[in-house]
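Colleague: This is the structure I have questions about; it appears just below.
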Amino acid sequence: MFVSGNVISLLVFLSPIPTFIRIIRNRSTQHFESLPYICTLLSASLWTYYGLIKPGSFIVVPVNGFGVLTEIVYITIFLVYAPPARRLKTIALVVVMNLLLLAAAILVTHFMMGPSLRIDTVGILCAGLAIAMYGSPLAAMHRVVTTRSAEFLPLLVSLALFTNGGVWSLYSLLAGDYFIGIPNGIGFIFGAAQLALYAIYRSPEEEAPQTEHLLATPTDPEHQA
């Protein structure tokens with residue numbers, strides 16, 4: 001199960017590849033935004049830290065370490081092809097979220113907290129980011145209901161989040177780690193709701209357009225754990 005969970009999480013991290021192939025081919029970021037990848041990088045970094053400081057949780061380190069590398073690649077590609085204004089905005093967000101906030105979280109918890117409080121604090125931060133990631137498709141779900149069309153609901157992303165949430169929820173029950181279990185349980189429910197909406201409103205004539213990566217993720221396993 002641990003192996004399958006890591007494999008699924010790896011697929012979640014790799015799911016934006018079609019988006020970035022499109023960016024490279026068009027030599028433009030078009031309407032895509034960098035924030036989902038910046039948030040995922042922060043989440044994967046914190047989950048990696050969590051796996052290192054909590055005994056028995058090293059299983060979340062390799063997959064989230066891989067997530068850190070993939071998100072860095074995505075953001076680098078985005079910076080190469082983004083127009084100047086969007087490039088400056090992306091750099092500012094990276095500095096604030098992936099350097100200052102991440103450094104502050106690690107330094108404060110490492111030097112100002114005991115082991116138990118440190119684990120709980122980092123776990124809460126990771127769970128909050130994972131819940132935000134799993135909740136990111138809510139706008140798309142609302143759009144599906146109001147338009148009665150699943151055209152803008154990415155099936156593969158929904159399926160990946162559903163499966164990822166289910167596997168890591170099961171792991172959390174076995175390991176007794178509720179910081180992993182709560183966000184992934186929510187992700188499992190959201191994923192099931194998305195798949196149900198897709199089944200209800202799918203039209204065989206519709207061709208789903210290229211959509212932007214919605215993780216914000218997991219992995220955390222989450223994406224994550």
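Colleague: Which order do you get for Arg143, Arg118 if you rank them by accessible area with a 1.4 Å probe, largest at the top?
Modeller: Arg143, Arg118
Colleague: For segment 76-118 and segment 2-43, what is the separation of their Cα centres, given in Å?
Modeller: Here the answer is 18 Å between Cα centres.
Colleague: How much accessible surface does Met97 have with a 1.4 Å probe, in Å² rounded to 10?
Modeller: Roll a 1.4 Å probe over it and Met97 shows about 30 Å².
Colleague: For a quick protection proxy, order the peptides 7-13, 178-184 by their average other-Cβ count within 10 Å, most packed first.
Modeller: 178-184, 7-13
The values are calculated or read from the model by the stated rules, or taken from the named source; none is laboratory data. Everything quoted here is computed from the prediction, not taken from an experiment. Virtual Cβ from ideal backbone geometry, glycine too; neighbours counted across all protein chains shown. Protein only, heavy atoms only, side chains kept; ligands, DNA and RNA dropped before computing areas. Shrake-Rupley method; radii C 1.70, N 1.55, O 1.52, S 1.80 Å.
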